[in-house]
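Beneath this line is the structure, given in structure tokens, with notes to follow.
The values are calculated or read from the model by the stated rules, or taken from the named source; none is laboratory data. Just so it is clear, the model here is predicted, and its values are computed rather than measured. All Cβ positions, even for glycine, are placed from backbone atoms using ideal geometry, and neighbour counts span all protein chains on display. SASA here: full protein model, heavy atoms, side chains in, ligands and nucleic acids out. Shrake-Rupley method; radii C 1.70, N 1.55, O 1.52, S 1.80 Å.
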Amino acid sequence: MDLWNSVLLGFSISLEPINLFYCFMGVLMGTLIGVLPGIGPVATISILLPATFKMSPISGIIMLAGIYYGAMYGGSTTSILVNIPGEAASVVTCLDGYQMARKGRAGPALGISAFGSFIAGTFAVVALTLLAPPLAEVALQLGPPEYFSLVILGFTLLAYLAHGSMIKALMMACIGLIMACIGLDFISGFERFTYGIATLEDGIGLVPVAMGVFGIGEVLINLEESIGKREVFKAKISNLLPSLKDWKDSLLPIIRGSVLGFFLGILPGGGAVIASFTSYAVEKRFSKHPQEFGQGAIEGVAGPEAANNAGAGGNFIPLMTLGIPANPVMALMMGALVIHGLQPGPLLLSQNPDVFWGVIVSMYLGNIMLLILNLPLIGIWIRVLRIPYPFLFPLILLFCLIGSYSIGNNKFDVLIMSLFGVIGYLLRKIRFEAAPMLLAMVLGPMLEDALRQSLIMSGGSFTIFLVRPFSLAFIGLAAILTAFPIIKWILGKKTRLAAELPKEDHS
Amino acid sequence: MKRIEYIGSLIGLVIAAIVIWQSFLIPMGSIGKPGPGFMPFWVAVILALLSGFSWIETRTRKLPAVQVQSRVGERQWSNVIWTAASLLAYGFLIEILGFILSTIFLLLFLFRFMGRQKWWVVFTGSFLVTLISHAIFKLALKVQLPAGIFKI
């Protein structure tokens, strides 16, 4: 099927009333949770994943995807109006967005954020449409050694791009891999680390862990502090349409943010968060007046907002073409595809073109819906922002509890989620990131399978990873990335990507 | 600050040691034909090495002159402990008391003692949220929520 017919197939599927409805529900919920601080796309997708069991796979995935890119749109509203990021990818928007609001320019800040997000989101979907099919064909030629090396490269990139220490990120990945070993060994059928507990035979579920670490953990951190009333921007917001000068200042940042965000989104561990931070650093460097950054420069809103939306689109590339999730949200999407009997990866395009193209094309429509939702309905989102946290957190907890129970209809998942909520809280306290652990949990079985198959193929020789070109390239790149910080550390010049950014910690 | 990082390294070492010990109880296989114990053993060895590196990195790193607190505000540790305990209790009770009763009790507790709401808000909120969530999840989305021993 050529590209044109594939896109037409995608439109015919995504324009079905039921899919349009779920796309709308997805972007609506995404915007809502993006606006609400304290609940992010990982927790929301985890909570709603069991609800998709009754839907068709296409509708379910369309809705979950809508939640993800919708949250990118919604997150900026909170950053601009309250100076609290609705989700992690909008942290950097606080810096200039809130300053613009304080100077009476909340309207143009919200406007350029929505338009920038729309342009970047659409760019990402077009790029995804063009790049995914050839990449999927290349991926079909990869064998177990290449997959092993690719996953190792993924972990290294994830650790390299982590917000904190690379060693800590790799430690978390190891813990995730160990957790992935719990349950029946898929080759020998041997029980590992189950200790006679029947429910552990199937392993520890990804969704209760994700909900616990990201949903419950965040609530516990918020409860630890005395939360005062949020100061929501009170002045009337007018002129949502940016002026000609605003457009002139923002156009190049939006274009740069879109390209940068998309390609950073493809990298494991990249995604929307790192894309927005990098875009801010790039815009500050390109700007003729960098001193205005942090004082309400519109470029500081346009670039990062474009980048985080493009990053969200780019995230779908490794999942759809290689079956490798780039971040926890994509790990959950992978889980959702598997639960619905679909195998993410290169075969998805050939075996389930309806799902592949239906989901991609739904993103075009979702982006248009988001533009409509975000500009005229801004008043409603401001009201949502005024919901007091003491009333909100019990609801978040309850939805997490219902979500975790409904996965397997047993209390074990609820207990696992609660336990990982405490672990998520403690991880934040000792400054360890949970994302590498979650990704390793998902990639663990694939990594182990690829390693054991490769070693059987080679009769126990590790050179198999070095004699095949793709594998050698992946391993070589991973080695360079690992060596880079070690050399810097030895030289005593340890610098970090975050050095370009203001030192404020929003974790 | 450094103490917290040492604790992280130590936890990593302890987990690695336990997994290495437990992996010996699982068939390890050979390099040419790895068994089920192969992967957890070597991952735990790598974890132990990384924990060691993390310890050394913490020891050799100089503390920044000015440390930025991640969050400001008065710390309320008891909120965390009570909330976590209430979630665990909910997990144990949901199949005994059923969804409706256990949810009402949980929300009463959270709204009143964690959220510090007024009693009328506590009761109205708890009952309304329970009924609405029951209607959405059980009746509309057909999620199988437990009825408990009282069959409600």
Q. For region B:76-140, what class follows from the C-alpha gyration tensor (a ≥ b ≥ c being the square roots of its eigenvalues): rounded when a/c is under 1.5, otherwise prolate if a/b is larger than b/c, else oblate?
A. oblate
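Mind checking how much accessible area B and A bury in total, 1.4 Å probe, in Å² rounded to 100? Please list the in-between numbers first.
Values: alone 11680 and 21780 Å², together 27370 Å².
For B against A, buried area totals roughly 6100 Å².
What percent do you get for the relative contact order of chain A when only Cα pairs under 8 Å and 6+ apart count? Show your work: numbers first, answer last.
Details: 950 pairs, mean separation 139.2, N = 507.
Dividing the mean separation by the residue count of chain A yields 27 percent.
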**Q.** Net dipole in debye of region A:280-435 [+1 Lys, Arg Cβ; -1 Asp, Glu Cβ; about Cα centre; nearest 20]
**A.** 460
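Under the definition of partner shielding as Cβ atoms of other protein chains within 10 Å of a residue Cβ, what is the mean value for peptide B:46-59?
Mean inter-chain Cβ contacts per residue within 10 Å come to 4.
Can you give the helix-only mean residue ellipticity at 222 nm for chain A, where every DSSP H stretch with n ≥ 4 adds -39500 (n - 2.57) and the sum goes over all residues, rounded to the nearest 500 deg cm²/dmol? Don't jump to the answer; show the numbers that get you there.
On the way: 23 runs with 354 residues, N = 507.
When only DSSP H runs of four or more count, the value is -23000 deg cm²/dmol.
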(Q) Just to be sure I understand the model, the point goes 7 Å from the Cα along the line to the Cβ. What's the resulting A:D449 to B:I4 distance in nm? (A) 3.9
Q: Subtracting the Cα-Cα distance from 0.36 nm times the residue separation, let me have the gained length for A:I456 to A:R285 in nm, one decimal.
A: 56.5 nm
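Going by the alpha-carbon gyration tensor, a ≥ b ≥ c the square roots of its eigenvalues, is the protein assembly as shown rounded (a/c under 1.5) or, if a/c is not under 1.5, prolate (a/b greater than b/c) versus oblate?
Details: a/c = 1.28, a/b = 1.12, b/c = 1.14.
Since a/c stays below 1.5, the shape of the protein assembly as shown is classed as rounded.
Give me the accessible area per residue for the protein assembly as shown, probe 1.4 Å, as a whole number in Å². List each step's numbers first, then the result.
On the way: 27370 Å² over 659 residues.
Dividing the accessible area of the protein assembly as shown by its residue count gives 42 Å².
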Q) Under 17 Å Cα-Cα from B:K33, which aspartates and glutamates qualify once same-chain neighbours fewer than 8 residues away are excluded? A) A:D185, A:E448, A:D449
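Give the average, rounded to an integer, of partner chain Cβ atoms located within 10 angstrom of each Cβ in A:185-192. Mind dumping the intermediate values first?
Values: counts 8, 1, 4, 6, 1, 5, 2, 8.
The per-residue average across the peptide is 4.
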Q) Say R0 is 30 Å: what FRET efficiency, to the nearest 0.05, do A:D202 and B:I18 get from their beta-carbon distance? A) 0.85
Q. Carbon and sulfur: what percent of region B:5-152's accessible surface (1.4 Å probe)?
A. 75
**Q.** Hz values of 3J(HN,Hα) by residue in region A:207-214 - Karplus curve (6.51, -1.76, 1.60), Gly and Pro given as x
**A.** 5, x, 5, 4, 5, x, 5, 8
(Q) Please list 3J(HN,Hα) in residue order for region A:463-471, calculated via the Karplus relation 6.51 cos²θ - 1.76 cosθ + 1.60 where θ = phi - 60°; whole Hz, with x for glycine and proline. (A) 5, 4, 7, 10, 9, 9, x, 4, 4
Q) So which aspartates and glutamates can A:K54 reach, going by Cα to Cα under 18 Å and dropping same-chain residues fewer than 8 places off? A) A:E16
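Could you tell me which helices of chain B pass both thresholds, a Cα extent of 24 Å or more along their own axis and a mean Kyte-Doolittle hydropathy of at least -1.0, with helices taken as whole DSSP H runs? Each step should come with its number before you reach the end.
Working: long enough: B:2-23 (31 Å, 1.21); B:38-60 (33 Å, 1.21); B:77-97 (29 Å, 1.35).
Qualifying helices: B:2-23, B:38-60, B:77-97.
What's the magnitude of the charge dipole for the protein assembly as shown around its Cα centre, counting Lys and Arg as +1 and Asp and Glu as -1 at the beta-carbon? Answer in Debye, nearest 20.
Working: 43 positive and 32 negative charges, 390 e Å.
That gives a dipole near 1880 debye.
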Q.
On a 32 Å Cα-Cα criterion, which of the cross-link pairs A:K103/A:K288; A:K245/A:K488; A:K429/A:K488 come out too long?
A. A:K245/A:K488
Q) Of A:V282, A:L377, A:L401, whose Cα points farthest to the positive end of the dipole of chain A (charges on the beta-carbon: +1 Lys, Arg; -1 Asp, Glu; origin at the Cα centre)? A) A:V282
Q: Note down the accessible area of A:I480, probe 1.4 Å, to the nearest 10 Å².
A: 110
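Let me have the relative contact order for region B:2-60, percent, based on Cα pairs under 8 Å that are six or more residues apart. Please report the intermediate quantities before stating the final value.
Details: 54 pairs, mean separation 25.5, N = 59.
Computed over region B:2-60, the figure is 43 percent.
Beta carbons within 10 angstrom, averaged per residue: use that to sort the peptides A:481-490, A:105-114, highest first.
Values: A:481-490: 13.0, A:105-114: 26.1.
Highest-to-lowest ranking by the protection proxy: A:105-114, A:481-490.
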Q: Return the sequence-ordered ³J(HN,Hα) values of region A:289-302 in whole Hz as given by the Karplus equation 6.51 cos²θ - 1.76 cosθ + 1.60 applied to θ = phi - 60°, using x for Gly and Pro.
A: 10, x, 5, 7, 5, x, 10, x, 7, 5, 5, x, 9, 4
Q: Would you work out the relative contact order for chain B, in percent, from Cα pairs under 8 angstrom that are 6 or more residues apart?
A: 19
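Is region B:2-60 best put as rounded, prolate or oblate by its Cα gyration tensor, with a ≥ b ≥ c the root eigenvalues, rounded for a/c under 1.5, and otherwise prolate when a/b is larger than b/c, oblate when not?
Working: a/c = 5.42, a/b = 2.58, b/c = 2.10.
Prolate is the answer for region B:2-60, as a/c is 1.5 or above and a/b outweighs b/c.
Partner chain Cβ atoms within 10 Å, averaged over the residues of A:392-405 - can you pull that number for me?
Across the residues of A:392-405, the mean count of other-chain Cβ atoms within 10 Å is 6.
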Q. For region A:135-151 and region A:430-493, what is the separation of their C-alpha centers, rounded to whole Å?
A. 14
Q: State the answer as a single residue: which of A:L267, B:I26, A:L161 lies farthest towards the positive end of the charge dipole of the protein assembly as shown, with beta carbon charges of +1 for Lys and Arg and -1 for Asp and Glu, about the Cα centre.
A: A:L161
Q. When chain B is treated as a GNM, springs tying every alpha-carbon pair under 10 Å, which of B:G32, B:G91, B:G115 comes out with the largest mean-square fluctuation?
A. B:G32
